[in-house]
Amino acid sequence: MVIFGWRTTIEQLRMLTLVCGHCHHQAAHNLFRRYTKPTIFFIPLFTISSRYGLQCTFCGVSYDISKMHAHQLV
């Protein structure tokens, strides 16, 4: 029997001070990368999906951004 599954991991890249597009407050934003890997016997193999996002620490809203925009912010 083979145990197969998926693992999604969130990696924090940087904390930035930006003006939130939702609440319009200047607050810290968490820049993160979320990636998904298939697993066999709980061992991650390779990345099949990678997405970048920002989360406002003031209001909690989170939204996806493009890879190019994330690299410009870093």
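For a quick check of your reading of the filter: which chymotrypsin sites (Phe, Trp or Tyr not before Pro) in segment 23-74 sit in a DSSP loop and have no more than 15 other Cβ atoms within 10 Å?
Working: sites: PHE32, TYR35, PHE41, PHE42, PHE46, TYR52, PHE58, TYR63; in loops: PHE41, PHE42, PHE46, PHE58.
Sparse-neighbourhood loop chymotrypsin sites (Phe, Trp or Tyr not before Pro): PHE41, PHE42, PHE46, PHE58.
Which label marks the calculated value of Cα extents along the principal axes in Å, given the options (i) 46, 27, 15; (ii) 41, 24, 21; (iii) 53, 23, 15?
Comparing each candidate, only (iii) matches the computed number.
What list of ³J(HN,Hα) couplings, whole Hz, do you get for segment 22-28 from phi and the Karplus terms 6.51, -1.76, 1.60, once you set θ to phi - 60° and write x for glycine and proline?
9, 9, 6, 9, 7, 8, 6
Roughly how many Å² of SER50 are accessible to a 1.4 Å probe, to the nearest 10?
Only protein atoms counted, so the area is about 60 Å².
Please go through the chain and write out the trypsin sites (Lys or Arg not before Pro) that DSSP classes as loop and that have at most 16 other C-beta atoms within 10 Å. Let's see the in-between values first.
Numbers: sites: ARG7, ARG14, ARG33, ARG34, ARG51, LYS67; in loops: none.
In loop regions of the chain (DSSP not H, G, I, E or B), there are no sparsely surrounded trypsin sites (Lys or Arg not before Pro).
Give the relative contact order (percent, whole number) for segment 8-74; include only Cα pairs under 8 Å separated by 6+ residues. Display every interim value, and only then the final one.
On the way: 126 pairs, mean separation 17.9, N = 67.
Averaging sequence separation for qualifying contacts and normalising by length gives 27 percent for segment 8-74.
Leaving out ligands and nucleic acids, and using a 1.4 Å probe, what accessible area per residue does the chain come to in Å²?
On the way: 5220 Å² over 74 residues.
Per-residue value: 70 Å².
First compute the accessible area of the chain with a 1.4 Å probe, then give the percent of it belonging to carbon and sulfur atoms.
57 percent
The values are calculated or read from the model by the stated rules, or taken from the named source; none is laboratory data. Because the structure is a prediction, the values reported are computed rather than measured. Methodologically, a virtual Cβ is constructed for each residue, glycine included, from the backbone with ideal geometry; neighbour enumeration extends over all protein chains shown. Remember, those area values only see protein heavy atoms, side chains included, never the ligands or the DNA or RNA. Shrake-Rupley method; radii C 1.70, N 1.55, O 1.52, S 1.80 Å.
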